[in-house]
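None of the figures in this text is laboratory data; all of them are computed from the coordinates on show. Only a predicted model underlies this, so the values are computations on that prediction, with no experimental measurement involved. No Cβ is skipped: glycine too gets one built from the backbone with ideal geometry, and neighbour counts run over all protein chains shown.
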Amino acid sequence: MQILKKYVLPLVSSITLVLLVDMLTNGVTEKYLFDSNFYLGIAERGFETKLLVAPFIYRYATPLMAGSLHQFTGLSLYKSFKLITYIGLIGELFGIFLIVHNLARSQKSAYVGMVVVAFSMYNMKFLLFDVYRADTLAYAIILLCTWLALKRRFIPLLFVTILGLQVREFVAVPLLASLATRLQHEGIRKSLRDTVIALLGLFIAVGLPRMFIPIVANEQDVQGIGQLLYSLSLWKRDVNLVYVCFAYFLPFLIFFRSSKRQAMQHMLSAEQLHYLLYYIGFVFLLIIVGGTDMERFASYFFLPMAVFVGLLVRNQPVTRIMIAIFLQFIFNRIWLLFPIWDYGLFANFYGGWSVVINTSTLWRYLEVFAYAVIGNIIVHFNHSKWEIQKPAMM
């Protein structure tokens, strides 16, 4: 019975959520493949010269897996990528359940954590729309790395990180957050050896492909300090950066009250809390130095967002939780098809892209503010004081 409750039902729920969102999502057309043209090309033709374009060629693992599936099983490339997408997203939701359940000690919290990730911007809907993206497996790998980090399994964490960095650069975040947490709590002397080994591992994982793959073009927006400073000076980009962060944490904004902060801190050990805060910090830095798709990069906040929301809902009535999830579902347009018939509508579907500021930006800001305020009032109206509990140790 315990196995059924702890593993089987969450796995079935993960599959159900993926299928549900997929039913509400249309498929990408050739007109909107953008970066996916490179991933499709790698799956079909490997390291062909014209495909040696940074940063896409450094994310070769997923397209090569899809290409191998296509060759050995006879599945079409689309179905091969779709199968990998399903595996990655199911693993993401199932992993969220396990981690939130372990930290919050509540099945209700774990299921809510799953749902808010499933209904978040870009974690599932966009990847089910464009199945060729490299992010599909990265979320599940990040959760595995987080589990190893919280269990203090340094060597397995480093090994999985090295492999995962061939999928997506954001996979480095759990290792970096773990090292920062250890430096804070143990000091540099105790953590120096592992820090040096980790930096060497990161050099192998990130540096060697960039040394030995002879790129013919570089489409990275930030290629040096000068370009980084210029990017930071673009006020329109900064406005969109603030928006995507607030928009992604909408469920947290709905459930949070300052009176609950101490209770949240008591439910996590100091190391767990600091790990999550460092995780947020490193993701934020990667968004800053990343490209134009900031709203898609913000989806890597999924881990702390799910944990914090899970902690906040432990004593919330189910009806109020459902109201908050409904508001998130509507705000993130989970119920709508991507408007591929009109590029302008498609570009403004979520908002927050690059330096694009228009009336859609204003409306999206107003939406997230309205949903956060209205949801917070509904959730906390005449709600009893939250009980402070002891930390859940791992």
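Among the GluC sites (Glu not before Pro) in region 147-241, those placed in a DSSP loop whose Cβ has at most 14 other Cβ atoms within 10 Å are Glu219. Ranked for footprinting exposure by Cβ neighbours inside 10 Å, fewest first, Ser178, Ser269 give Ser269, Ser178. Along the axis of the charge dipole computed for the chain (Cβ charges of +1 for Lys and Arg, -1 for Asp and Glu, origin at the Cα centre), the listed residues Ala61, Val313, Ala180 are led at the positive end by Val313. Using θ = phi - 60° in the Karplus curve 6.51 cos²θ - 1.76 cosθ + 1.60, the 3J(HN,Hα) couplings for region 254-266 round to 5, 8, 7, 9, 4, 5, 9, 4, 5, 5, 4, 5, 6 Hz; x is entered for Gly and Pro. Across region 18-30, coupling constants 3J(HN,Hα) worked out from phi with the 6.51/-1.76/1.60 Karplus curve, θ = phi - 60°, read 4, 5, 4, 5, 5, 5, 8, 10, 8, x, 5, 10, 4 Hz, and Gly and Pro carry x. The loop-placed trypsin sites (Lys or Arg not before Pro) in region 178-270, going by DSSP, that have at most 15 neighbouring Cβ atoms within 10 Å of their Cβ come out as Arg257.
The phi-based Karplus calculation (6.51 cos²θ - 1.76 cosθ + 1.60; θ = phi - 60°) puts the 3J(HN,Hα) values of region 93-99 at 5, 5, x, 4, 4, 4, 6 Hz, whole numbers, x for Gly and Pro. In the frame of its principal axes, the chain has Cα extents of 63, 56, 51 Å, reported largest first. Candidate cross-link partners of Lys236 among the aspartates and glutamates, defined by an alpha-carbon separation under 13 Å and a same-chain spacing of 8 or more, are absent. Taking 20 Å as the straight-line reach from the Cα of Lys151, the aspartates and glutamates in range (excluding those fewer than 8 positions away in the same chain) are Glu92, Glu186, Asp194, Glu271.
For region 55-117 and region 258-318, what is the centre-to-centre distance using only Cα atoms, to the nearest Å? Cα centroid to Cα centroid, the span is 20 Å.
Both numbers refer to the Cα atoms of region 1-69; Rg and Dmax are 17.6, 55 Å. Straight-distance candidates among the lysines for linking to Lys50, with alpha-carbon spacing under 23 Å and chain neighbours fewer than 8 residues away dropped: Lys31.
Remark: Ile42, Ile155 ranked as Ile155, Ile42, counting other beta-carbon atoms within 10 Å and listing the fewest first.
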